[in-house]
Structures are given as structure tokens and as C-alpha cells.
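Bear in mind that the values in this text are calculations on the coordinates, not laboratory data. Quick caveat: nothing in here was measured; it's all calculated off a predicted structure. Methodologically, a virtual Cβ is constructed for each residue, glycine included, from the backbone with ideal geometry; neighbour enumeration extends over all protein chains shown.
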Amino acid sequence: MTHYLLTVHGPAERNEFGNYGSKEEMEAAFAATGAFNDTLHADGYWVFAGGLAPATTATVVDGQGETPVMTDGPYLETKEVIGGFWVIDAPDLDVALELAAKGSKACGGKVEVRPFDGLA
Amino acid sequence: MHSTTAAVERVFREEYGRLIASLVRRFGDIDLAEEAAGEALVLALEKWPASGVPPNPGGWLTTTAGNRAIDRIRRERQRDAKHQAALMQYDDSPHEHLGPVEDDRLRLLFTCCHPALAPEARVALTLRLLGGLTVAEIAQAFLVPEPTMGQRITRAKQKIAAANVPYRVPEAHDLPERLGGVLTVLFLVFNEGYLASGAGDPVRAELTGEAIRLTRILRELLPQEPEVAGLLGLLLLTEARREARVRHGQLVPLAEQDRAGWDRALIAEGHDLVRECLAINRPGRYQILAAINAVHTDAPAVADTDWSQVVALYDQLTQLDPSPIVALNRAVAVAELDGPKVALTLIERLPLTGYHAWHAARADMLRRLGRTAEAKESYDAAIAATQNSAERAYLSRKRGELV
């Protein structure tokens, strides 16, 4: 089994319906994502998942010096940011890719699949 | 002594794909498999000149390399117990998700052509692990510096290991899609050999031969798949004309080839495959391309070619693959039925101005229509767009013949 990080990428700028076109679209995507999460639990792939607040709420901390330096905003100023993620435990990449495709369809965003090198 | 060395190397090359594939299946680690195979080769080179090549050299190499891999795991386990604990959990039992066909090389071929790998890495990895070509040979074939190719292959192997790309034949429902990726890689390898993109040898028989060998293995393993039969038929019917295709360093177009120089045995085998595909009646891209080549190789002379059949097959192919390249090839056949004027109109519509074959086809139509000045310009554009020496020589001759 391998752990994979599935990150959902979408526009940094959000409207009142998140990244969705309308209230209905947003609610449909939330419902589909909830149903997808239920299957991850039921099939034993679930480790952790969550949606993130807008990137503008991020703070970058550099603690390498004597006093930590804080900077408002995300580490990289980009048009596309991570909006949410799953951590799954799957037997191999084929399974992870299949789940990513389902997750992408459910939440309505592109999903990057990246294996963990190790787990603490 | 020297001939034994050559014999060992030949056996090693022939057995390499099988050897690596069985080691990867046993130990689940491509690097370990390659190292163990390399050690087995060194031992064979030491022993076989004195003892002679064993009756089952492939079996000898597999056993020896397997023992070397286990030795290596034991040695490293002593050095790094924690890391090796993971390595020793290798899978020596049948895989839990058994695909419809079981063969180590087939599994590895699907791994090498996995859609999560970059297309250029798929081709390189297939040639390295299943074809047994060296990194230097692959780098030369694809005209990239050896370190670049080495890095490309290393990166792909790292991804396979880190992301846990499985070694298995996909399940039946995924097979058609995944098989398409494998056939594309084999076709690309062949094409690079048949009309090399670079300025070196215009034809690279080692690549066409390797593509045919791997496609033959695929055909043995998936005898029911008409597209596999179609690709093999296409490659054989194309390879059959290889000797007649270049003369005095110049490309010889189909119409001008000496048909006595075609390989009759390959043509017969290719025709059998095309007939088999027709009987299955599940047409696909490679089967149609094979059928087009069957029509050409059926004609004793170019004048005997059944062009309406060729155009009909291109029409069928267009339904499956409405790409401009298919449209260009169709237009060239249309010229033989409806004349160069009709064909030129079809050609000029296509968005292929960066493609040498588009310029060459356009130049040919303009030449036939007597539009000499435009034809010359088109030949110049075609020559500028290709590096292949035989093709350049042919196009330069055609241009030179214009007055």
C-alpha cells in the first residue's frame, strides 16, 4: 500500500460560490464530494481530507533565522492554488488514479496525485 | 574466444527483456533487476568461453541473476536492516489482481507504457528494459545527449518506484485504452527506425526490428486482439519494402520502387494477418493502415494499384481518426483517382505547414500541374523541414529535375 496526496487545484480568486458558477453548482459539487468521501471510507482508502480557506488567508513563516519572519499571503502568488486535498492509502498508482478521477469529477477541479515518500 | 563473447552478448540481448521482466516480477524493483542482470552477464562472459554456452542460456541467466539479487538483498540488509526489511517483502506469489493474460514481459510492457509516464519516457523505457538497448543506443536513436536520455530513464524508473506503478496487465475493462498506449509506443519505435528524424542513418533497422520483435511478443500474448494483429501486419508490410526504399542514399517513393526487391515472406505474413483482421471484423486504426499497405503490396506494378480501394480505406480511417495527417495521406491517394488538382485543393486546406511531408506532397501536385515556380518553392520548404538525409536527397533530385 502507498499513501498518496490528492490535491485539488483551482483559481485563486473565488466568488461567493467558491469556484463554482452558481449556488446550485456549488451545492451539487459538495454533495458529490460528500458521497465520494463516503465511498473512500467504505472501501478503506480514506486517511484524511479537507477543503481549504482562500489562499489569501495563508501566512508564510520562515523560522530558519533567530526570530521567525511572518509574511502575509501564500508562499507563491499564483493564479491557481490548492483548494483542498485528500490523503488516501491505495494498493498502487492505478487505484490512486482511478480514485483521483472520481474525486475530480465530484468536486469539479483538476487533481494532482503525488505519492508520499514516507510517513511519520 | 571473440566469437563466444559475441555469442554471449547476442544471447543476453535476446534474453534481456524476459530476464528483466521475471526479476522485476520477483523482486518488484527495476534497479535491482538491472544490476542483477548485469552481474549475470559478467559471470556468463567469464564462464561460457571456457565451458561453452549452456543448453538453456536463458534459464542459466535467470537463475544466476536471481541468486545475485538475493545476495545483494542480504548484503544490503546487513548494512541497513530497516531499509531492507521493506525490500524483502517482495512479491513471489501470483499478483492479487490477475489480468486476463499472465506474462512477465507483457506486465512490464504495460508498466513501461503507463499513461502516468511522459510519452518520450515510455518509448525509452520500453527499449531499455524490454529491448535491451543501452542508454547510449537509445540516446543516439532519439538524437538526445546520453546524459539527457539517462536522466529521462532514471526519472521514469524513480516515478515507477515512488508512485507504485503496478506491474500488471490491466483489467479487461481498462485493456483497450491501455493497449492503445502500448501500440502507440511500438509504432513510434518502428517509425523512428523507418524514417529516422535525424541527420544520421536514414533508416535504423535495429529499431524497426525491435518494434517488430516486441509486437510479435504482444501478438503471442494477446492473440485475440485485432489491433495487435493489425499493427504487426502494418509493420511487416512496411518492413518488407525497407530494402527497396533507399537507393544510392536517396529515398525511393512507393511508385518508383523495384518491387522485385520487396520481401515476399514478410508480405505473405502481413497479408495473412490482414485477412485474419477482416474475419474478426472489429476494424481499428492499425488494421486499416495494414489493409492500405496490403493493397499496395498486392499490386505487381504501381499501375495495378487499386486506388479506389486505398481511398475507401482512408475514408474509413478518417471516421476513426479525423486528423490532418490522415487527410494528407488520403489526398495523395485521391490524386491517383481524381488528379492532382483535386488533391492540391484538399492538401492546401490542411494546417500542416510545419510538416515536411505536407510540403513534399504539395510540391508533387504543383509539379504535376506544371506550376514549376511554386513547386520549386515547395520542394525547398520540404527540404528545410526534414533532417533525414535520404529524404533530402530525393527531394533535391525532384527539385533539380524541374526546368
* **Neighbour count of at most 16 Cβ within 10 Å plus DSSP loop: longest trypsin sites (Lys or Arg not before Pro)-free window in chain A** => A:15-78
* chain B: relative contact order in percent, alpha carbon pairs under 8 Å with at least 6 residues between -> 11 percent
* Asked: Is any residue of the stretch B:124-141 close enough, with backbone N under 20 Å, to a label point placed 7 angstrom from the Cα of B:Thr5 along the Cα-Cβ axis, and if so, which?
  -> B:133-137
* Structure fact -> A correct fewest-to-most ranking of B:Asp263, B:Asp71 by other Cβ atoms within 10 Å would be B:Asp71, B:Asp263
* **Helix B:146-162 vs. chain B, principal-axis angle (Cα, 0 to 90°, nearest 10)** => 60 degrees
* Sticking with the crude label model, points 7 Å out along Cα→Cβ, report the distance from B:Leu45 to B:Asn281 in nm, one decimal please. => 5.7 nm
* What percent does the relative contact order of chain A come to when contacts are Cα pairs within less than 8 Å and at least six residues apart? -> 47 percent
* To do: Choose one answer from A:Pro91, A:Pro68, A:Pro54: the residue with the largest mean-square fluctuation in a GNM of chain A with alpha-carbon springs under 10 Å.
  => A:Pro68
* Asked: Among the lysines, which fall within straight-line cross-link reach of A:Lys102, defined as a Cα-Cα distance under 23 Å, with same-chain neighbours fewer than 8 residues apart omitted?
  -> A:Lys23, A:Lys110, B:Lys159
* Structure fact -> So the angle from the long Cα axis of helix B:356-368 to the longest Cα principal axis of chain B, reported in degrees to the nearest 10, equals 20 degrees
* **Whole-angstrom gap from the stretch B:255-287 to the stretch B:1-32, using each part's C-alpha centre** => 33 Å
* Asked: Setting aside same-chain residues fewer than 8 positions from B:Lys47, which lysines have a Cα under 18 Å from its Cα?
  -> none
* Asked: Which FRET efficiency, nearest 0.05, do B:Ala301 and B:Arg77 yield, Cβ-Cβ r, R0 41 Å?
  -> 0.05
* Asked: So what's the gap between the Cα centers of the stretch B:162-215 and the stretch B:304-343, to the nearest angstrom?
  -> 26 Å
* Just how large is the dipole of the stretch B:331-403 about the Cα centre, in debye to the nearest 20, putting +1 at every Lys and Arg Cβ and -1 at every Asp and Glu Cβ? -> 120 debye
* **Angle in degrees between helix B:119-129 and the longest Cα principal axis of chain B, rounded to the nearest 10** => 50 degrees
* Asked: How long is the gain from B:Glu336 to B:Arg247 if the chain were fully straight, where each residue apart is worth 0.36 nm and the alpha carbon distance is subtracted?
  -> 29.6 nm
* Which value at 222 nm does the protein assembly as shown reach when only helices count, each DSSP H run of 4 or more adding -39,500 (n - 2.57), with the total divided by all residues and rounded to the nearest 500 deg cm²/dmol? -> -20000 deg cm²/dmol
